[in-house]
Amino acid sequence: MEQRNEDYGPKTPCPSQPCGERKRTSVRDSCRRYGVPRRTLRRYLCDETNVKAKLGCKPTLSAEQEQELYSCIFHLCDVGYPLTSKVLQLNVFRYCSDNGIPNKFVKRKAGR
């Protein structure tokens, strides 16, 4: 029996799933056809958490807080206050400190 070394991850379709004109086959038939261990294929079919984890730290602001900060910053731009990266970092830090939002900002400014 010919062994195939193919990656069956969350982005690639599982051989037992219907794809295009392919008919739905049993797990056993798919394992024989593609040379994938049956338990591996079963794990991918039963596991609902086949999503890759997000990299990096969790966001400091929620979506609502970001929207509120967005409107405040654009109001400053409409008034004529120039928007630079330092102004943005200082405003984000000030917003977090005024609202008591825990953060990991250093040197009294957000970002790098």
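Taking (1) outside any helix (DSSP H, G or I); (2) in contact with a Phe, Trp or Tyr (Cβ under 6 Å, 6 or more places away or on another chain); (3) not aromatic (Phe, Trp, Tyr) in turn, Leu83 satisfies each apart from (2).
Would a scan of the stretch 87-99 turn up a residue that is modelled with pLDDT of 90 or more and loosely packed, with under 10 Cβ neighbours inside 10 Å? Taking every residue of the stretch 87-99 in turn, at least one turns out to be modelled with pLDDT of 90 or more and loosely packed, with under 10 Cβ neighbours inside 10 Å. Residues that are surrounded by 10 or more Cβ atoms within 10 Å (Cβ to Cβ), out of contact with any Cys (no Cβ under 8 Å at 6 or more places or on another chain) and closer than 15 Å to Ala110 by Cβ within the stretch 69-84 comprise Leu69, Tyr70, Cys72, Ile73, listed in sequence order.
The values are calculated or read from the model by the stated rules, or taken from the named source; none is laboratory data. These figures come from a predicted structure and were not determined experimentally. With ideal geometry, Cβ positions are generated from the backbone for all residues, glycine too; neighbour counts draw on all protein chains shown.
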